[in-house]
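This report concerns only the one structure given below.
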Amino acid sequence: MPPLSRVPSMKILFVTSEFAGLGQVGGLGDASASLPVALRRLGFDVRVLLPAYPKVLAAFPDITWLGRLPARAEVPGCRIGVVQLPNGLPLYLVSAPSLYDRPGTPYSTPEGQDWPDDHLRWARLSLAAAQIARGQGKLGWSPDLVHANDWPCGLAPAYLHWDGTAVPSVMTIHNIAHQGRFPANLCCGLGIPEAAFDMNGVEFYGDISFLKAGSFYADDVTTVSPTYAREITSEGLGGGLHGLMRSRAAAGRLSGIINGIDDSWDPAQDPYLHSHFDTGHLAGKRVNADATRISLCLRPSTGPLFGIVARLVHQKGLDLVAGVAERIVARGGQIAILGLGDAEIEHTLLRVARCHRDDMAVLVGFNEPMARRIIAGSDFFLMPSRFEPCGLTQMQAQRYGTLPIAHAVGGLMDTIEHGVTGLLFPDLTVEGLAGACGRGLEIFANTLRFGAMRKAAMTRCFSWSTPAAAYAALYRRYGDAAVLRHVARPVAVPRRLDMELEAAA
């Protein structure tokens, strides 16, 4: 294994469908904005590839357009542009207006429906990554490794393989429940070779699976916590891909690397808080709690505040919160919820809140200032997730001295020290959550223990430097190959790709 110093400028193309502030639905956007920056601090030449969403085009009116990438089958051609963020991170943009210049989220219409041409939208992003790896697009730069994220980028390792491109790839699974399944009759239009529609390829129960394709063809597969990496090898949590994940694990090609949180999560400097605080001066936390109660129309109270900032979806287990709300309120607690998601869960929580108007508030929607104020003002943070690949809010909560009460799964187990920085419970039932909340209420009443746990939580380090070092070690597996490629003879290019290169010239 070569020392890292031999490849200080190893070039990484980080391919993603989300980026914080420019098009985001979940934690992938935070990781895409933070991990590449942390890797650049370690000497890697990391550049991000992202679709040119309307919000991106509005944020950067002076994009430098470099070149075009050719179409393949029914996947249209595109332009590639570049901007440099204030932190120095280069952002390559895939411009295909017919695919990306649309309202809604990166994944859905304003009404929350999937786009009917999603297979083409995400094949275009994946194909762009593979074509850039071949030196196309007039970028004057090509990567030594392609790092693809989640199912929308899943065909990137596959296109690299099918085209015989000698560039290794890493596939990161942020949530195996989302797999990008499409009908088999779309194979030809996506440029998928006939032989690849196989159990050892893209085929998944008669469909195409983008996530399976990426996980099968990538040189390494990672996910976002060590516990989740073990969980996805099980039938119960592997989403039907447990067999493939077991084989990747057996080959030493599946690992779990915890995400981090960015440096803005600092209660001593957060501009959104009503009052700053730290481990030595916690009075400001009480100020935030009182201000949060006022803004949510909760009655004044000296009891504990239980906060929730989450997507209101089945995965997050918020139906259990509805079942324990009355018990929390009866023992002097209050509940503050901020989130957006499934209408049925929203209505259930709102209905329960109406029964406890002075002690439970549900704010449907999302805004960053309120999210941070609820996290900063709460005493406990509820996360009864059915599964949680990594989770970010439990780390943010600890940083703000708010003790998480969480189901013992995935990244929650890897980031919460039970009885020291929070509470974990194994039994995912109303009674299991109620018991954990009861223990939290007992700890709150014990001023010395509660204060000690709060300070222990606030001193935990969740910097992105730790996961960046782990990814650096993973990239080192390919360091020698990256150096050799600069002096090796070029790989023979198939005739079909010769034609693409001519079209792109």
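The values are calculated or read from the model by the stated rules, or taken from the named source; none is laboratory data. Model, not experiment: these values are computed from the prediction. Using ideal geometry, Cβ is built from the backbone for each residue, glycine included, and neighbour counts are taken over all protein chains shown. The accessibility values were calculated without ligands, DNA or RNA, using every heavy atom of the protein model including side chains. Shrake-Rupley method; radii C 1.70, N 1.55, O 1.52, S 1.80 Å.
Quick notes
- Solvent-accessible area of Val224, all protein chains in place: 0 Å² (probe radius 1.4 Å, heavy atoms, ligands and nucleic acids excluded).
- The 3J(HN,Hα) values that the Karplus relation (6.51, -1.76, 1.60; θ = phi - 60°) gives for segment 193-210 are, in residue order, x, 4, 5, 7, 7, 8, 3, 8, x, 9, 6, 9, 6, x, 10, 8, 10, 5 Hz. Gly and Pro appear as x.
- A 1.4 Å probe, protein heavy atoms only, puts the accessible area of Glu326 near 130 Å².
- For Arg121, Arg181, the ranking by accessible surface with the largest value first comes to Arg181, Arg121, using a 1.4 Å probe.
- Sequence of Tyr475, Tyr107 when ordered by accessible area, the most exposed leading, probe 1.4 angstrom: Tyr107, Tyr475
- The apolar share of the surface of segment 60-120, taken as the fraction of accessible area on carbon and sulfur atoms (1.4 Å probe, ligands and nucleic acids excluded), comes to 52 percent.
- Computed [θ] at 222 nm, deg cm²/dmol, the chain (DSSP H ≥ 4; -39,500 (n - 2.57); rounded to nearest 500): -11000 deg cm²/dmol
- Under 15 Å, Cβ to Cβ, from Gly401 - net charge with Lys/Arg +1 and Asp/Glu -1: +4
- Each Lys and Arg Cβ is given +1 and each Asp and Glu Cβ -1; about its Cα centre, segment 49-121 then shows a dipole of about 280 debye.
- Prolate/oblate/rounded label for segment 141-235 (Cα gyration tensor, a/c 1.5): oblate
- As computed over segment 1-129, the Cα convex hull volume per residue (Å³): 127
- Accessible-area order (highest first, 1.4 angstrom probe) of the listed residues Trp65, Trp122: Trp65, Trp122
- Think of segment 29-179 as having a plus end and a minus end, set by charges on the Cβ of Lys, Arg, Asp and Glu; of Pro110, Leu93, Pro76, Leu93 sits farthest toward the positive end of this dipole.
- Note on the chain: along the principal axes its Cα atoms extend 73, 48, 47 Å, ordered by decreasing extent.
- Rounded D (µm²/s) - segment 186-295, Kirkwood Rh over Cα pairs, Stokes-Einstein at 25 °C, 0.890 mPa s: 138
- Over segment 3-131, accessible surface divided per residue gives 37 Å², non-protein components excluded, 1.4 Å probe.
- Cα gyration tensor, segment 375-470 - rounded (a/c under 1.5), prolate or oblate: oblate
- Sulfur and carbon atoms: percent of accessible area, segment 135-279 [1.4 Å]: 51
- Taking 1.567 mPa s as the viscosity and 4 °C as the temperature, the Stokes-Einstein diffusion coefficient of segment 290-333 based on its alpha-carbon Kirkwood radius rounds to 109 µm²/s.
- For the chain, the antiparallel share of DSSP beta bridges with both residues in that region comes to about 30%.
- Accessible area per residue for segment 350-442, computed on protein heavy atoms with a 1.4 Å probe, is 32 Å².
- Total charge dipole magnitude, the chain, about the Cα centre, Cβ charges on Lys, Arg, Asp, Glu only, Debye to nearest 20: 960
- Cα gyration tensor shape for segment 48-207, rounded if a/c is under 1.5, else prolate or oblate: oblate
- Proximal charge balance of Leu340 [Cβ under 10 Å; K/R count +1, D/E count -1]: -1
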